[in-house]
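Enquirer: Once you've had a glance at the structure underneath, I'll fire off some questions.
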RNA sequence: GGGCCCGUAGCUCAGCUCGGUAGAGCAGGCGGCUCUUAACCGCAAGGUCAGGGGUUCGAAUCCCCUCGGGCCCGCCA
């Protein structure tokens with residue numbers, strides 16, 4: 001990789017030739033450029049084999065393919081709007097310039113062109129080129145023109161090559177960004193305030209997960225990267241902000257697999273004076289809108305259309321306990337002891353540690369018996385109290401909390417509750433988790449309990465993984481396909 | 001953490017079963033061609049077969065180890 005290949009030597013020689021002619025192979029700017037769609041639109045009115053000399057255009061993009069045909073050459077130029085065929089002719093450019101350009105241009109070069117709209121005799125919208133400008137010489141050649149970059153490892157390690165070689169990959173990440181924009185617009189329109197809370201924390205809490213650890217030279221002590229946004233955001237509601245949300249990175253010190261990334265983008269939203277029924281309506285509305293928007297943004301994609309069907313409201317609802325008892329045939333689950341639940345989880349094939357909490361064993365049973373049958377976006381509601389230390393107890397179902405999760409086939413999309421607002425009960429829940437001495441306990445955040453003593457209004461909150469939401473909406477099977485730069489081992 | 005599979009030219013892939021000194025297409029070089037769409041035709045060039053060790057007269061091919069990756073399972077909301 002450090003060695004220069006013969007191909008690169010050739011291309012460096014072309015750069016040298018360029019400079020020797022007094023031309024800059026890496027110029028500073030290219031003013032007046034329009035995207036290729038503008039020229040294609042201008043071509044729409046033209047008959048095959050004709051051109052419109054009255055108006056000239058300037059385009060710029062990456063050179064994909066040259067089809068040289070003697071004294072005419074066809075060049076495919078690609079930009080974010082799609083691309084355009086350039087027609088180079090000896091008659092337009094002159095013998096010498098024509099030869100020089102074809103000698104010095106390679107696939108992968110960034111090229112600007114001035115010319116007029118023209119439609120080829122075969123009907124291809126084109127720019128009949130009057131002059132060309134090299135915008136950046138590519139020393140390393142791009143992947144093969146037809147198959148592109150196939151090597152999965154290379155696609156992840158050098159995402160820029162994956163992107164430049166594949167319009168589909170570019171479109172996937174463009175759509176992701178536009179969907180996040182849509183989410184912001186949804187919450188903004190409901191008068192939620194977008195806020196930013198600390199990533200560096202003294203104790204990472206709000207979820208059961210191993211944190212990344214770092215160190216502050218200034219404080220002279222260890223800090224942890226956040227594993228959730230929840231506790232700082234609820235403090236803001238204590239402070240009177242009433243409706244807040246944050247979209248940001250959370251970090252969990254765990255493996256990467258098809259649905260987990262050690263760093264992932266998390267949306268959390270908290271809504272005072274509302275409960276989880278309200279949040280459920282909000283969520284259904286958001287998902288319906290996102291599914292519709294995705295189809296708009298990326299039409300004619302079967303994966304997207306199939307995914308959108310799974311987002312058709314109203315979403316079906318499963319009661320956690322009823323569904324689990326029905327699917328497993330095990331009655332009165334809430335009356336089982338931790339030891340009994342552990343045995344049941346073992347029987348269902350789970351190998352979680354013996355010291356796991358009651359809630360973890362229940363989660364494992366649910367994963368085993370119920371999750372595989374979920375084939376569309378589904379609300380799962382009213383979890384056992386033991387699974388959920390930060391949610392308020394259910395107003396009518398004993399032993400449960402007011403909580404829903406949204407499941408897509410294969411993974412969880414979101415998790416929401418009516419928030420626990422009683423400081424003493426919160427203290428007790430943190431302690432009882434620690435009392436079980438599980439590795440999966442939430443870290444006790446004493447300052448958070450203190451905040452609750454000032455009074456948190458009745459509140460509902462939700463957390464959702466944006467990467468997984470993008471997967472579900474675009475029909476992706478791996479979270480790596482939703483991340484621009486997934487974590488990879490250094491080589 | 002366990003199992004299975006993969007790593008050959010810049011890129012996409014053959015060759016490995018059954019050991020005999022590395023092959024194609026694209027890209028690049030040279031030549032031809034004024035409407036192509038992965039243009040086409042001809043010629044020449046391009047390799048640490050992931051890395052290391054072993055077996056063998058001889059290893060891309062067989063064996064072991066290491067590195068990197070993929071899929072499944074487990075763990076992690």
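Quick grid of which residues meet (1) within 28 Å of the chain's Cα centre (by Cα); (2) outside the structural domain of residue A:297 (by TED's automatic domain parsing); (3) within 8 Å of RNA strand B (Cβ to nearest atom); (4) part of a helix (DSSP H, G or I):
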{"residue": "A:113", "(1), (2), (3), (4)": "no, yes, no, no"}
{"residue": "A:131", "(1), (2), (3), (4)": "no, yes, no, no"}
{"residue": "A:150", "(1), (2), (3), (4)": "yes, yes, yes, no"}
{"residue": "A:153", "(1), (2), (3), (4)": "yes, yes, yes, yes"}
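Enquirer: Go through (1) at pLDDT 90 or above; (2) over 30 Å from residue A:473 (Cα atoms); (3) in contact with a helix residue (DSSP H, G or I) (Cβ under 9 Å, 6 or more places away or on another chain); (4) in the same structural domain as residue A:432 (by TED's automatic domain parsing) for residue A:385 and report which single condition fails.
Expert: (1)
Enquirer: Does residue A:78 satisfy the criteria of being within 40 Å of the chain's Cα centre (by Cα) and more than 8 Å from RNA strand B (Cβ to nearest atom)?
Expert: yes
Enquirer: Can you say whether residue A:263 is free of Cβ contacts under 8 Å to residues at least 60 places away in the same chain and either assigned by TED's automatic domain parsing to the domain that holds residue A:197 or within 30 Å of residue A:196 (Cβ to Cβ) (or both), as far as the supplied structure shows?
Expert: no
Enquirer: Regarding residue A:373, is this residue out of contact with any strand residue (DSSP E or B) (no Cβ under 8 Å at 6 or more places or on another chain) and free of Cβ contacts under 8 Å to residues at least 12 places away in the same chain?
Expert: Answer is no for this residue.
Enquirer: Any residue that is more than 18 Å from residue A:110 (Cα to Cα) and modelled with pLDDT under 95 - is there at least one of those in the stretch A:26-43?
Expert: No, there is no match, as no residue in the stretch A:26-43 is more than 18 Å from residue A:110 (Cα to Cα) and modelled with pLDDT under 95.
Enquirer: Between A:455, A:359, A:349, A:399, which is surrounded by fewer than 16 Cβ atoms within 10 Å (Cβ to Cβ) and within 30 Å of residue A:310 (Cα to Cα)?
Expert: Exactly one residue qualifies, and that residue is A:349.
Enquirer: Separate question: Among the residues of the stretch A:238-249, is any within 12 Å of RNA strand B (Cβ to nearest atom), in the same structural domain as residue A:191 (by TED's automatic domain parsing), closer than 17 Å to residue A:468 by Cβ and not in a loop (DSSP other than H, G, I, E, B)?
Expert: Within the stretch A:238-249 (the criterion being within 12 Å of RNA strand B (Cβ to nearest atom), in the same structural domain as residue A:191 (by TED's automatic domain parsing), closer than 17 Å to residue A:468 by Cβ and not in a loop (DSSP other than H, G, I, E, B)), the answer is yes, since at least one residue qualifies.
Enquirer: Out of A:386, A:472, A:443, A:416, report the one residue that is in a strand (DSSP E or B) and within 14 Å of RNA strand B (Cβ to nearest atom).
Expert: A:416
Enquirer: Let me ask something else about it. Go through the stretch A:1-57 and report how many residues are part of a helix (DSSP H, G or I) and more than 12 Å from RNA strand B (Cβ to nearest atom).
Expert: Adding up the residues that qualify gives 12.
Enquirer: I would also like to ask the following. Restricting to the stretch A:337-383, name every residue that is assigned to a loop (DSSP other than H, G, I, E, B), more than 12 Å from RNA strand B (Cβ to nearest atom) and over 28 Å from residue A:279 (Cβ atoms).
Expert: If the condition is that a residue be assigned to a loop (DSSP other than H, G, I, E, B), more than 12 Å from RNA strand B (Cβ to nearest atom) and over 28 Å from residue A:279 (Cβ atoms), then A:337 is the only one that fits.
The values are calculated or read from the model by the stated rules, or taken from the named source; none is laboratory data. Predicted model only: the values in this text are computed from it and were never measured. All Cβ positions, glycine included, derive from the backbone under ideal geometry; neighbour counts span all protein chains shown.
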